[in-house]
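Down below is the structure, laid out as structure tokens.
The values are calculated or read from the model by the stated rules, or taken from the named source; none is laboratory data. A quick note: this is a predicted structure, and the numbers were derived from the prediction, not measured. With ideal geometry, Cβ positions are generated from the backbone for all residues, glycine too; neighbour counts draw on all protein chains shown. The protein model used for the area step is the full one, side chains on, heavy atoms only, and it has no ligands, DNA or RNA in it. Shrake-Rupley method; radii C 1.70, N 1.55, O 1.52, S 1.80 Å.
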Amino acid sequence: MQKAIQSVRGMRDLLPAETPRWRLIEDETRALLAAFGYDEVRLPLLEPTTLFSRGVGESTDIVEKEMYSLQDRDGDSLTLRPEGTAGCVRLGLQHGLLFNQQQRLWYAGPMFRYERPQKGRYRQFDQIGVEAFGASDPALDAELIQFGDVLLRRLGLREQVALELNTLGSGDSRAAHREALVAYLTPLREKLDADSQRRLDRNPLRILDSKDPNTQALLKDAPRLQDFLDDASQAHFAQLCAHLDQIGISYRLNPGLVRGLDYYTHSVFEWVTDELGAQGTVCAGGRYDSLVEQLGGRSTPGAGFAIGVDRLVLLHEAVHGAWPGPALDVYATVAEPEQAGAALAFCQQLRAVVPGLRVRLDTAGGKLKNQFKRADASGARWALVLGAEEIAAGKATVKWLRESQPQAMLGLDELRQMLTTTGPG
Ligand code: ATP
Ligand code: MG
């Protein structure tokens with residue numbers, strides 16, 4: 001026997017019992033995106049590596065140690081997308097969608113990061129990304145947050161998730177703060193954790209994000225970004241907070257929220273839950289007014305966020321438990337192999353006259369008794385028997401699998417009537 005092959009570490013299979021919950025979340029999100037006037041785009045999984053080193057930032061965790069990069073046969077360096085925003089901006093620039101225009105775009109699909117796999121953290125994971133270009137007004141930031149609020153409500157998860165909010169200010173504010181932060185931390189360099197020492201030269205803002213208690217203690221008196229915000233940055237953030245107040249969305253101000261990607265300016269936000277342990281952020285984003293320029297376009301404001309679908313699925317499971325009910329309504333059995341052709345035809349007529357009805361035909365054959373065992377295990381509410389007598393009459397015998405109701409031989413029309421007028425089981 002050959003050794004069986006396993007999936008790649010951190011890359012999961014989703015089994016039939018899990019996919020309906022994924023569909024629920026994806027379908028709700030798509031429907032809501034349409035309701036907010038967003039258009040779908042589809043992005044390649046592979047992009048030039050430089051897109052991410054320039055777009056996400058050389059000194060970010062993603063670019064430093066999480067990318068799946070490979071050499072194409074002609075020597076080009078390609079990378080499996082670790083996130084979608086940079087690719088979405090590339091798409092917009094390449095097709096002339098961004099400059100002097102308003103765009104509301106979304107995309108969905110797998111992202112790839114070489115991380116330490118654990119619950120809620122995988123090497124292939126799914127995001128639904130939402131990006132809006134061309135508006136610098138804080139009303140856009142507020143609307144993106146409003147979207148998250150409505151989506152979580154629709155999924156019955158709003159009570160378990162809180163909004164955390166911060167502002168990074170304009171590029172100028174950030175630069176001034178960065179200088180002060182480096183001046184403050186440089187004499188303390190030896191006392192910082194190893195990661196923070198490295199970040200001091202490359203990406204000092206990320207030190208604020210350190211989980212190391214010593215480093216956190218040293219940061220107590222560090223220069224605060226809020227004190228470096230220029231007037232315009234302050235006004236932008238104040239207006240966002242006012243909008244949120246007006247639409248009744250409460251938030252926690254979190255000055256330590258700096259986000260892992262370099263491209264953010266002004267508002268950054270995360271939707272966070274306590275129900276998933278350390279991997280509690282289900283949705284995260286912010287404004288990125290300098291990203292388009294950084295990727296070679298003319299200056300265009302933008303803002304967006306990404307939904308971590310894997311984590312939203314985990315949260316839905318934690319909150320709502322087993323879901324959904326059985327995936328079948330009708331399980332059709334066939335008495336003799338000769339009747340299989342007629343059974344194929346009958347089942348399809350039934351699907352056609354009862355839209356949405358889920359009918360599975362037993363094609364494994366064998367004794368009716370065994371077919372009935374499979375019908376029972378399938379979760380279906382009804383079994384049909386298609387035998388010689390039924391086929392000759394153009395009918396099927398209906399048996400109730402979950403309720404004590406008399407069985408009956410019914411024609412297609414009677415069957416349709418019965419199936420569409422029965423209440424919930
Ligand atoms: P984290 O701090 O958890 O690593 P991040 O800041 O790297 O998250 P983003 O790049 O902003 O995350 O991605 C947006 C969302 O995508 C996250 O809030 C999370 O829900 C999800 N996500 C990110 N990385 C992973 C992963 N490795 N596995 C599963 N979901 C992920
Ligand atoms: Mg990360």
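The criterion of being among the charged types (D, E, K, R), modelled with pLDDT of 95 or more and surrounded by fewer than 20 Cβ atoms within 10 Å (Cβ to Cβ) does not hold for residue 227.
In region 318-336, the residues that are acidic (Asp, Glu) form Cβ pairs under 7 Å with partners that are part of a strand (DSSP E or B) and buried (at least 20 other Cβ atoms within 10 Å of the Cβ), at six or more places apart or across chains, as follows: 329/382. One residue stands out in region 83-105 among those that are within 21 Å of the chain's Cα centre (by Cα) and of a type in the set (S, T, N, Q): the one that is surrounded by the most Cβ atoms within 10 Å (Cβ to Cβ), namely 85. Just one of the listed residues (108, 132) is away from ligand 2 (no atom under 16 Å from the Cβ) and either open to solvent by 10 Å² or more (accessible area, probe 1.4 Å) or at positive phi (or both), namely 108. Annotation note: of 198, 206, the sole residue that is of a type in the set (Lys, Arg) and open to solvent by less than 60 Å² (accessible area, probe 1.4 Å) is 206.
Of the residues that make up region 267-275, is at least one in the same structural domain as residue 64 (by TED's automatic domain parsing), farther than 30 Å from residue 90 by Cβ and not β-branched (Val, Ile, Thr)?
Of all residues in region 267-275, those in the same structural domain as residue 64 (by TED's automatic domain parsing) come to 267-275.
Then drop every residue that is not farther than 30 Å from residue 90 by Cβ, which leaves 273-275.
Now narrow it down to the ones that are not β-branched (Val, Ile, Thr): 274-275.
Yes, there is a match, as at least one residue in region 267-275 is in the same structural domain as residue 64 (by TED's automatic domain parsing), farther than 30 Å from residue 90 by Cβ and not β-branched (Val, Ile, Thr).
In this structure, is residue 280 more than 20 Å from the chain's Cα centre (by Cα), within 13 Å of ligand 1 (Cβ to nearest atom) and surrounded by fewer than 24 Cβ atoms within 10 Å (Cβ to Cβ)? Please lay out each step first, then the result.
Values: more than 20 Å from the chain's Cα centre (by Cα): no; within 13 Å of ligand 1 (Cβ to nearest atom): yes; surrounded by fewer than 24 Cβ atoms within 10 Å (Cβ to Cβ): yes.
Criteria not met by residue 280.
Whether a residue is of a type in the set (Ser, Thr, Tyr) and more than 19 Å from residue 325 (Cα to Cα) was assessed, and residue 422 does not pass this test. Filtering region 142-155 for residues that are under 25 Å from residue 271 (Cα atoms), in a loop (DSSP other than H, G, I, E, B), touching a residue at least 40 places away in the same chain (Cβ under 8 Å) and within 16 Å of ligand 2 (Cβ to nearest atom) leaves an empty set. Within region 40-80, the set of residues being more than 16 Å from ligand 2 (Cβ to nearest atom), touching a residue at least 60 places away in the same chain (Cβ under 8 Å) and assigned to a helix (DSSP H, G or I) comprises 51, 54.
If you go through region 86-128 and pick out every residue that is farther than 24 Å from residue 22 by Cβ and either part of a helix (DSSP H, G or I) or aromatic (Phe, Trp, Tyr) (or both), you end up with 8.
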